[in-house]
């Protein structure tokens, strides 16, 4: 199917889909210019209603993040895990709970999690300047941003949603500890 693109030129259905989703292909790599433009008037009306309880939803996510922190922080250094940090003058909303792990272990964790029913994920597998659409542009050619590149290889997102139980959180933390330390010693629950 051929549709009209943003400049009036022809484009494919796939290209049009990518235009609406950051220019991402199926591997979440930006291969063309794209935007995040998916909100119409009806969706805005529904979203407005959802904003009423946003503070409660953020607080629920923060409680889950606190449980992760309490279970992982005592062994984080030993396991080689970097945890999210907050500062005195701001609070994290924890849309995602992203940790860092050794780059070599991340893919193993993803595979082991998939096999064991733990939905780890990687939201940003490439630094922004490494996405094909940008990397192929002259001003980004040869650009080296070591911190961004290192982070893109080490970030791992843990499950975080309002339906997680304390047992779910303990299971995720135990899974991480078991894989990263090679130990079967259990992380035990600490009530929040």
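Only the coordinates and a few stated rules stand behind these numbers; no lab work does. Owing to the predicted nature of the structure, the values given are computational and were not obtained by experimental measurement. Don't worry about glycine lacking a Cβ; one is built from the backbone with ideal geometry, like all the others, and counts go over all protein chains shown.
Obtain the radius of gyration and the Kirkwood radius of the chain from its C-alpha atoms and give Rg over Rh.
1.03
Could you check which residue among 158, 54, 96 shows the biggest mean-square fluctuation in a GNM of the chain with a 10 Å Cα cutoff?
Of 158, 54, 96, the Gaussian network model singles out 54 as fluctuating most.
Which value in nm describes the separation of the simple spin-label points at residue 137 and residue 56, placed 7 Å from the Cα toward the beta carbon?
4.3 nm
How large is the helix-only mean residue ellipticity at 222 nm for the chain, computed as the sum of -39500 (n - 2.57) over DSSP H runs with n ≥ 4, divided by its residue count, in deg cm²/dmol to the nearest 500?
My calculation for the chain gives -14000 deg cm²/dmol from helical runs alone.
Could you give the angle, 0 to 90 degrees to the nearest 10, between helix 103-116's Cα long axis and the longest principal axis of the Cα atoms of the chain?
Approximately 80 degrees, to the nearest 10.
Rank 39, 79, 180 by mean-square fluctuation in a GNM of the chain with C-alpha springs under 10 angstrom and give only the top-ranked residue.
Greatest mean-square fluctuation among the candidates belongs to 39.
Applying 1/(1 + (r/R0)^6) with R0 = 22 Å to the Cβ-Cβ distance of residue 12 and residue 40, what FRET efficiency is obtained, to the nearest 0.05?
0.45
Can you give me the angle between helix 41-50 and the longest principal axis of the chain, using Cα atoms only, in degrees from 0 to 90, rounded to the nearest 10?
20 degrees
Looking at the chain as a GNM with Cα springs under 10 Å, which of 154, 178, 100 has the largest mean-square fluctuation?
Evaluated over the chain, the most mobile residue of the options is 178.
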